Structure formats: structure tokens, C-alpha cells
1. Mind listing whichever residues of segment B:194-210 are within 15 Å of B:Thr232 (Cβ to Cβ) and open to solvent by 10 Å² or more (accessible area, probe 1.4 Å)?
2. If A:Leu52 satisfies all but one of (1) closer than 25 Å to A:Leu162 by Cβ; (2) touching a residue at least 60 places away in the same chain (Cβ under 8 Å); (3) open to solvent by 10 Å² or more (accessible area, probe 1.4 Å), what's the number of the condition it fails?
3. Can we say A:Lys187 is assigned to a helix (DSSP H, G or I) and within 13 Å of the chain's Cα centre (by Cα)?
4. For segment A:166-209, what are the residues that are open to solvent by less than 40 Å² (accessible area, probe 1.4 Å) and within 14 Å of chain B (Cβ to nearest Cβ)?
5. For segment A:59-81, state whether one or more residues are polar (S, T, N, Q), under 29 Å from A:Ala238 (Cβ atoms), more than 8 Å from chain B (Cβ to nearest Cβ) and surrounded by fewer than 22 Cβ atoms within 10 Å (Cβ to Cβ).
6. Out of segment B:375-411, which residues are on the phi > 0 side of the Ramachandran plot and open to solvent by 30 Å² or more (accessible area, probe 1.4 Å)?
7. Of all residues in segment B:426-445 being open to solvent by 80 Å² or more (accessible area, probe 1.4 Å) and over 21 Å from A:Arg80 (Cα atoms), which is farthest from the other protein chains (Cβ to nearest Cβ)?
8. Could you identify the single residue in A:Leu143, A:Leu108, A:Leu128, A:Leu136 that is of a type in the set (A, V, I, L, M, F, W, C), touching a Gly at 6+ places or on another chain (Cβ under 9 Å) and away from chain B (no Cβ under 12 Å)?
Amino acid sequence: MALLDIENLHAKIDGEHGKEILKGLSLKVNPGEVHAIMGPNGSGKSTLSYILAGKEDYEVTDGTVTLEGEDLLEMEIDERAAKGVFLAFQYPVEVPGVATMTFLRAALNAQRKKRGEAEISTPDFLRLVREKAGHLGINQDMLKRGVNVGFSGGEKKRAEILQMAVLEPKLCVLDETDSGLDIDALKVVSEGVNALRSPDRAMIVITHYQRLLNHIVPDFVHVMNQGRIVRSGGKELALELEANGYAEYQQDAA
Amino acid sequence: MPAVQETVDQVRSLDVDQYKYGFFTEIETDKAPKGLTEDTVRFISAKKNEPEWMLEWRLEAFRRWQTMREPDWARVSYPPIDYQDLYYYSAPKRPSQLSIDDIDPEILATYEKLGIPLRERDALLGIESGATKVAVDAVFDSVSVATTFKEELARAGVIFMPISEAVREHPELVRKYLGSVVPVTDNYFATLNSAVFSDGSFVYVPKGVRCPMELSTYFRINERNTGQFERTLIIADEGAYVSYLEGCTAPMRDENQLHAAVVELVALDDAEIKYSTVQNWYPGDKDGKGGIYNFVTKRGDCRGDRSKISWTQVETGSAITWKYPSCILRGDDSQGEFYSIAISNGRQQVDSGTKMIHLGKNTSSRIISKGIAAGYSDNTYRGLVSAHRKATGARNFTNCDSLLIGDKCGAHTVPYIESKNSSAQFEHEATTSKISDDQLFYCRQRGLDPEEATALIVNGFVKDVLQQLPMEFAVEAQKLIAVSLEGSVG
């Protein structure tokens, strides 16, 4: 059984005259696989990530999404998180006054509780965070600061990956994680992501540029346009796109 | 943060609209006849075996009160209060303040339910398990029913007793200081309180003494249709230090109940008073039925040079809150502080803030106010910072933040700043923000449910103030914040 199975997904912006953004998207993701989704601006890439996470601004009008056979669309946002869906945000949100450390612990324990597991002990938690933070070059000072408050672009993205590492999700959706990163930061973040690749974890990497895929090498590349996947292939497809651009797909759709 | 977790557990275990302290204790009471006349004042004074001067003082206040009008400038609205339709005195029938074994077991059980240990033995057990020692004065409706650790405090020279007792035992101190910070004629509610106050705490810390433990008063309104008018007077003599906490709860009732308290603090040279409040009076139900009308006058007088008074408050209860704990910075180099968290939900109305009156030279004050409005509530910060002509070098820093949850509530900030001295430096910062859908989505994507997420965001918002509270109170306050916001997301 696929980890994630999206069938003929149609979705529009919530509201009476909401614009349809996804127009029959299908995608199967198995454990251990890394799928890259590329496409021009406005093709619906970020919408897909929000719908998987359960953001309330969209309405699914047709199609199904299952996670390990369960209907994902029926689940609350936090229930999806507890089942292992993690979204690394393109623009991580600030939560002033709540230390990153506090936030991580509250999130981890909330998920554990929903899964019927015991809360993590303080020493175990500290050990876990220290280890993961070290790999990402995140120091103690940053962990004490408010979540994403006053973080640089690179720090925000590293903090997202730290959360991902601590929460150990089954399905990681990375939404334009490379945006706003210089080449050094891109390397650190990519190494953090690669360290999380494992046979029972799948990733969907959404990006506009091929650059990120030099560092996070995908198993599959999909081209998205006008709310649909219009072409799929192996990692070499990304290189082709880099060379030829998206023009050909946009013409097809027009 | 385990406290957040606990908070959330507590929120979960409750249904929306369920006030934890809303139970009523069945006990026999001794009441004054309904209504307010000179006879009521005489009745209360006689009940307390007060000396003649005290009765005269009350009667003067009562006569004055009859000529006054209820203030209407606050941003709160409520139907007219019929002052003749209230009881002004209600006391448990058994004699109080004898020994713990004479206290009606029902009352002991009530305080136990509230988590306030009145038996010193129990409190001592608390110490062994690592908690700090806290002396408690418990006020049940109109009388003080128990004061713990009195003897131990007496050894340090600290007087901590019900004010009704202090009137008899330490008349020289009471006469000297009562009404010296909040004059009898100060305002409608303070004058009413002066006429009919029934009990409250009296604290005197002598010269150079650092009070060996936290002092605390626990106020409980129990009886129906009864107003509570407590009076607290705290004096820190030269070089003394005292930290005082107060907590309040009341049963759930459909009618509104009146609470009009007066608190006076006096700090002499080099003295410091830290006064913390966790106010959790019954706020009324979700439609705004019932709840306490809380009209309170709290004022501290930094009478001595280099004295310091610090107010910290966490206000989550009451249908209506009208309250401005203030500091008169009379002594040179004196300091005033006000740290406040005011949360309103449902139909609650809060009009609260502070006054910092700079009179002496090089006086400084600091105001950190965090207002959180949810549901259909209205939350107003009203503050005055003023520098007198002679207040050379006065300094104030004010930071006033409001957080809105939902789109049916209101937050208002009304700062008054007056400076008559050109060397004064006053700074005012204010922000208004909303818990955004993006913040909630972000927290929920990490696994927090809507209430956990709100509690976390709000706790972040009030962090600066929570840090000012004594440790045990901070944890309690954090829980309270989550409980009072339950049902606010939705």
C-alpha cells in the first residue's frame, strides 16, 4: 500500500466564487521515496502542500487522498500531524514569547499523546534536541529565542528542519525550502534533509529550481501545471527542465 | 513546558462554560438585614466590637457616600445596581478565629477544595515536599475565618491578622494609616467600602524586617446577594520587605454580586512591598448572566525615600472589572511597578490599568500591561502617568499590548500622560495584535489542537508578566489563563 495516495484531486479556494486550483491531480508516494514537484508559479504546488496539511482556506470538490489507507481529508490538522504529516513552511510563522525549545516540546508531546504514547522525559528531550540541533548548526541561544522571531531566512529554514528531525514524521512535505537561502545555507539544510531520508519515510520536495535537487536527489520528478501533474520522470527530468524551462508545458495547457 | 501541558489537561477536563470554583457551601450564616442605612453601618461595627472612633469613621463615610454619584466614565455597561437590595454583612454562625478545630468543617472543606491549606500542619507538610511556606488569611464572605502562622510571624515582629482584630489590638497603627492612602472621600466605591467594610487583612512589618514568608489572603464570596467589601492595609516600615498574594473565587450564580474592596499600601524609607493578585471571581456564563461586579480601589504610597511598590495582577474573572492599582511616588528615588495580565472572554468587560503619580525627585515607574480579549468581551487599558512640578528626573516606561482572539471582541487603550516638569522622561509603547489564522495553522500542523495552540500563543504573549509572579503563582496563573480562554477558539 502506498504511504500517500492522491486520486483525481480537485480543490478550490474556499468561498462561493473560489477559483479552482487543483484540477484532477493524482500521485502515489511509497515509503522511502523522494518525489520532487516542480512547476511554474501559480501551478498549484503550494496549494497541494496546504491541502495535504489541512489548511482551512481550501475546499476539496472531488477526488480522494489517503495516508496508509486512511482518509486524510477527514482528519483535523493536528490529527494529520500526529499521523506523521509534516509541512516545512515556505514562510515559517513567528510565535513571540514562546521559546523554540518550549514549542518543540509542546508539539512533540501533543503528538505523542494523540498516538497514545507517554510524554518524553526532560533529559531524553534535551538529549534529542541537542543532538539534532548540533547537526544543523543551531545553537542554544537560538533555541531559547521565540519561535522564528528575529530569525534570518536561513535560520528559519534550519529551524523547520530541526522540527522535522525532532518530530520524525512519515511524510515530509517541503514547500520551497530553498527559497531565500544562499548556497551555504542551502547545503546545511539539504544535509539536514538527507540525514532524514530513510526506508520508512517519504518526502515531497516542492521547488521552483533544479538547484535544490543537486543536493536532495529525488527518485521521481513531476512537473505540475494548471493544477495537474503533466509529466513525470526520474531525476534527469529536472535537468531537462533547467535547460528548457517550463514554456513547453505552459503552451500545452494553453 | 510542563505547565502548558497541565493547563491543557485542565482545559480538556472541563466543558466550556464550567467555572471550577463555582460551588456553594451550605453553612448557617449570620446576616445583617437587607439594605444600607446608618443602622447597617452600626450593625457591622457592633458585630466587630469596634471602638467608637471606628464607628464614627464609618458613619462619616456613609454620609459622604449618600451625596456621591456612581462613576460612569469607565468603558463598561451594566444595569443600575440597587444598593438597597443587597446584604452588607454575612458571617458563618460559628465563632471564627478561635482555633482551627472551631472552624465549621464545611468551611475547611471549602478551602481544601480551593487548594488553600488552613491547617498549619498541612501547610508544613507542603514545605517538606519543597513548596515555600505561605501564611494565609482566609476571608469567607464578610469575616476572616483563619489566619495561619500567626505566631511564627509574631516572633519576627510581623503583624498579620484580620483587620477587624487589628482595629481592636493595634488601634494606634490602624488610626494612623487607615484612609491615609485612599481617603474616605476618594471615590464612590471606596467611600462605600469605608462605610461597610467587614474584614480583610492587616499587615505591619517593622523596621528593618524582611518578612520571613509570603503572606496571602484568600477571598471567597459564598452567600447569595451579599456584597463583599474587604479592606486590606499593609505597612512596611523603614527598610522592611514583604511579599503579599491575594486570590479570589465565588460560586456561580445567576444574579450579579458586588465586590468593592480597598487596598492601601504604605512603604516608608527603603521599604519594599510586592503585591500580587490572581483574581478569578466568577465571570458569569457565556451569555453574560451572573458574575461578580468588581469595583476595586488599590493604591500604594511610596511615602519614604528609596521605597518601592510593585503590583502584579492576573485578572481572569468577574463580569465587570473596574480596577487601577496605583502608586504615589512621594519619596525621592522611589519606584513603582505595575505588571498586569487581564483576560476577558464571553461577555466580560474589563476596564483596568494603573496610575503612576510622580511627586518626588528621581522617581521611576514601569508599566507592563497585557490585555487579552476573546469571545464578545471588551478589554480596556486605562492608565495615567503624571509628573508633578517638583518631580525632577521622573522616569516612566509603559508597554501596553493587546491581543485579540476572534473578531467579536474589543481592545482599547486609553493612556493619559501629564508632565509638569520638563526633566521628566516618559516612554509609551503600545501594540495590538491578533492571534492569526497562520499562527494557529502553524501550531496545529505541529500537532497542537486549537486550545493547546491558543494557550501556547497566549502564554508567549504574557511571558514578561508571568515572570514577575512568585513561582507557585506563576504556575497557577498559567493554568488559569488556559482555563479562562477555553471555548475562545472555534
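The values are calculated or read from the model by the stated rules, or taken from the named source; none is laboratory data. Worth saying up front: this structure is predicted, and the values here are computed from it rather than measured. Here the Cβ positions follow ideal geometry from the backbone for every residue, glycine too, while neighbour counts run over all protein chains shown. What goes into the accessible areas is simple: the full protein's heavy atoms, side chains included, and nothing from ligands, DNA or RNA. Shrake-Rupley method; radii C 1.70, N 1.55, O 1.52, S 1.80 Å.
1. B:Tyr204
2. Condition not satisfied by A:Leu52: (3).
3. Numbers: assigned to a helix (DSSP H, G or I): yes; within 13 Å of the chain's Cα centre (by Cα): no.
It is false that A:Lys187 is assigned to a helix (DSSP H, G or I) and within 13 Å of the chain's Cα centre (by Cα).
4. Those that are open to solvent by less than 40 Å² (accessible area, probe 1.4 Å) and within 14 Å of chain B (Cβ to nearest Cβ): A:Val166, A:Leu167, A:Pro169, A:Leu171, A:Cys172, A:Val173, A:Leu174, A:Asp175.
5. Filtering segment A:59-81 down to residues polar (S, T, N, Q) leaves A:61, A:64, A:66.
Retained after the next criterion (residues that are under 29 Å from A:Ala238 (Cβ atoms)): A:64, A:66.
If we keep only those that are more than 8 Å from chain B (Cβ to nearest Cβ) too, we end up with A:64, A:66.
Pick out the ones that are also surrounded by fewer than 22 Cβ atoms within 10 Å (Cβ to Cβ) and you get A:64, A:66.
Looking for residues that are polar (S, T, N, Q), under 29 Å from A:Ala238 (Cβ atoms), more than 8 Å from chain B (Cβ to nearest Cβ) and surrounded by fewer than 22 Cβ atoms within 10 Å (Cβ to Cβ), one finds at least one in segment A:59-81, hence yes.
6. Within segment B:375-411, the subset on the phi > 0 side of the Ramachandran plot is B:375, B:393, B:406.
Selection gives B:Gly406 alone.
7. The qualifying residue farthest from the other protein chains (Cβ to nearest Cβ) is B:Glu427.
8. Details: A:Leu143 fails: touching a Gly at 6+ places or on another chain (Cβ under 9 Å); A:Leu108 fails: away from chain B (no Cβ under 12 Å); A:Leu128 fails: touching a Gly at 6+ places or on another chain (Cβ under 9 Å).
The conditions single out A:Leu136.
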